[in-house]
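Bear in mind these aren't lab numbers, they're just calculated from the coordinates by the rules spelled out. Keep in mind it's a predicted model, so treat the numbers as computed, not measured. With ideal geometry, Cβ positions are generated from the backbone for all residues, glycine too; neighbour counts draw on all protein chains shown.
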Amino acid sequence: MADTKKKLAAGGKLYRIACVAALVGLVGTVICSVMSTQYNLNNFQNVLIAGAAAVLLIVIAQWAPTKLGNYDLLSTICALGAIAASGVVLRQLIMDRATLAAGLFTYDSANNTGWSVFYVTVVGLAGYLLAIFALIIGSFLKGVKE
């Protein structure tokens, strides 16, 4: 009986790292929006949908090489879609938190709630950036060992 379970190569492991990082980014994004009603994200529903879509696309991109082989079109399209969805979330986070950061670093440095929201936002941004970098590097490597 042939071995139907394929082992992950470096690209597949990077996709798993990207999935975990995107989940951390998604949780950080949700927490930074619901910590305080004063600092909630604009278009939070769109950000939530884009973040969940990024995680789902990363899972599909990681799963596709096990069924379709290395360098398949579905995995590539899903990785590109996950990068785009993560970029949408990053853009929204940066746009919404720019004024908060400007205030915290100039005149409102004693705002403890603002600093807490800022720290969690940085965690969300770092998660999505790590996911994007892992997806880009993983796209050039083999997904499964043959």
> Which value in Å is the Kirkwood Rh of the stretch 75-138 over different Cα pairs?
Replying inline: 13.0 Å
>> At 0.36 nm per residue, and after removing the present C-alpha to C-alpha distance, how many nm does the segment from T106 to R16 gain when stretched out fully?
In response: 28.5 nm
>> Over 10 Å intervals from 0, what percent of Cα-Cα pairs in the stretch 1-121 sits in each interval?
In response: 13, 36, 24, 16, 8, 2, 0
> Between N43 and residues 5 or more places away or on another chain, which pairs have amide H atoms under 5 Å apart, with H built 1.01 Å from N, and which residues are they?
Replying inline: none
>> Give me the dipole magnitude in Debye, nearest 20, for the chain about the Cα centre, with unit charges on the beta carbon: positive for Lys and Arg, negative for Asp and Glu.
In response: 540 debye
> Using 7 Å Cα-to-Cβ label points, what is the T113/Q45 separation (nm, one decimal)?
Replying inline: 2.5 nm
